[in-house]
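Below: one structure, written as structure tokens.
The values are calculated or read from the model by the stated rules, or taken from the named source; none is laboratory data. Everything quoted here is computed from the prediction, not taken from an experiment. Virtual Cβ from ideal backbone geometry, glycine too; neighbours counted across all protein chains shown. We work out accessible area using only protein heavy atoms, side chains counted, and drop any ligands, DNA or RNA first. Shrake-Rupley method; radii C 1.70, N 1.55, O 1.52, S 1.80 Å.
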Amino acid sequence: MANEAHPCPCDIGHKMEYGGMGREVQVEHIKAYVTRSPVDAGKAVIVIQDIFGWEMPNTRYMADMISGNGYTEVDAVLRYLKQQCHAQKIGVVGFCWGGVAVHHVMMKYPEFRAGVSVYGIVKDSDDVHSLKNPTLFIFAENDAVIPLDQVSSLTQKLKEHCKVEYQIKTFSGQTHGFVHRKREDCSPEDKPYIDEARRNLLEWLSKYV
């Protein structure tokens, strides 16, 4: 793994030693990781992984964290969530590459009650503002992948044209991957930002899903 002294895009932080609280399932032609809330609240969140794939322990850790707050997560299709998990309200969260996917689905599928895009690269297109439902965007100030001018451009387009609730948060001094690729105990300086970003993610889902 790269370290903070020699950052490499999409390879920042630590690979967690984490087995997971859920299970692997086959959803049609897709393999997925499913973790269920202890309470059946009729809600679900799809977690879209980063470039390292759905088996990455860090992603499973985030999925389990969300499920512990009343949601079911699975990187799979809406049909599976509705039929097998009996989900009536569905949200979506994505990291890095998955953050790009979240932005895309939030512009295309009104079935998603809310989305959280975590350091997803901003597309240079005219329709980035056309969100169907509330979306939270989380960025890092020192992201080598996403320049701040891209974040500023997105902010301006959403401010001028977006018709639904949205929020953009940029975390001071942080790098790409800080929300799910760093351990909470990595450094005293980083911990408050990691905790705040994860709390913001959960609060957004709680409010809209």
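If you go through region 88-103 one residue at a time, how many are of a type outside the set (Lys, Arg) and open to solvent by 10 Å² or more (accessible area, probe 1.4 Å)? Working first, answer last.
Let us first name the residues in region 88-103 that are of a type outside the set (Lys, Arg), namely 88, 90-103.
Within this subset, residues satisfying the condition of being open to solvent by 10 Å² or more (accessible area, probe 1.4 Å) are 88, 96-97, 100-101, 103.
Selection size over region 88-103: 6.
This table checks each residue for (1) more than 24 Å from ILE121 (Cβ to Cβ); (2) modelled with pLDDT under 90.
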residue: LYS163; (1), (2): no, no
residue: PHE171; (1), (2): no, no
residue: VAL179; (1), (2): no, yes
residue: PRO188; (1), (2): yes, yes
residue: PRO192; (1), (2): yes, no
residue: ARG198; (1), (2): no, no
residue: TRP204; (1), (2): no, no
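Has region 70-81 got at least one residue that is modelled with pLDDT of 90 or more and among the charged types (D, E, K, R)?
Initial filter on region 70-81 (modelled with pLDDT of 90 or more): none.
No.
Would you check if LEU202 is open to solvent by 20 Å² or more (accessible area, probe 1.4 Å) and in contact with an Asp or Glu (Cβ under 8 Å, 6 or more places away or on another chain)?
Against the criterion (open to solvent by 20 Å² or more (accessible area, probe 1.4 Å) and in contact with an Asp or Glu (Cβ under 8 Å, 6 or more places away or on another chain)), LEU202 does not qualify.
GLY177 fails exactly one of the following numbered conditions: (1) at positive phi; (2) without any contact (Cβ under 8 Å) to a residue 40 or more places away in the chain; (3) open to solvent by less than 30 Å² (accessible area, probe 1.4 Å). What is the number of that condition?
Failing condition for GLY177: (2).
Do you know which residues across region 104-141 are open to solvent by less than 10 Å² (accessible area, probe 1.4 Å), among the β-branched types (Val, Ile, Thr) and outside any strand (DSSP E or B)?
Answer for region 104-141, where residues must be open to solvent by less than 10 Å² (accessible area, probe 1.4 Å), among the β-branched types (Val, Ile, Thr) and outside any strand (DSSP E or B): just VAL128.
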